[in-house]
Amino acid sequence: GVDQCIQKFLDVARQTECFFLQKRLQLSVQKPEQVIKEDVSELRNELQRKDALIQKHLSKLRHWQQVLEDISVQHKKPAEMPQGPLAYLEQASANIPAPMKQT
């Protein structure tokens, strides 16, 4: 049944893994420099992947730093503007969009 098929599949998977591990062992004994080259290659690939990830995070960090700086500048502007209720109303009305025409 199904259990038998699953068990057979797992046995074949173990045998295949064992075969490749034996070949890897033979290769490491016969050509140890090849194993070292593969390890170095894997490490270089990992470094490239991590460098790309760092660049991505730095880009996002720069973006959010700019957003925070923009917000900071916007909060400083009202202090530079003339004070008083009329000045505040003029500033507020400048930010209101014009009404849209209905068709």
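Quick notes on this one:
- Close pairs from the range 34-57: first closer than 30 Å to LYS23 by Cβ, partner open to solvent by less than 100 Å² (accessible area, probe 1.4 Å), Cβ under 9 Å, at least 6 apart: GLN34/LEU27; GLN34/SER28; VAL35/ARG24; VAL35/LEU27; VAL35/SER28
- Within the range 20-50, tally of residues that are open to solvent by less than 90 Å² (accessible area, probe 1.4 Å) and acidic (Asp, Glu): 3
- Applying the condition of being within 15 Å of the chain's Cα centre (by Cα) and among the acidic types (Asp, Glu) to the range 37-68 and asking which residue is farthest from LEU27 (Cα to Cα) yields ASP51.
- GLN74 open to solvent by 100 Å² or more (accessible area, probe 1.4 Å), of a type outside the set (Asp, Glu) and either over 30 Å from ARG24 (Cα atoms) or in a helix (DSSP H, G or I) (or both): yes
- Residue in the range 39-53 that is modelled with pLDDT under 95, part of a helix (DSSP H, G or I) and out of contact with any Lys or Arg (no Cβ under 9 Å at 6 or more places or on another chain) present: yes
The values are calculated or read from the model by the stated rules, or taken from the named source; none is laboratory data. Please read all numbers here as calculations on a predicted model, not as lab measurements. Methodologically, a virtual Cβ is constructed for each residue, glycine included, from the backbone with ideal geometry; neighbour enumeration extends over all protein chains shown. The protein model used for the area step is the full one, side chains on, heavy atoms only, and it has no ligands, DNA or RNA in it. Shrake-Rupley method; radii C 1.70, N 1.55, O 1.52, S 1.80 Å.
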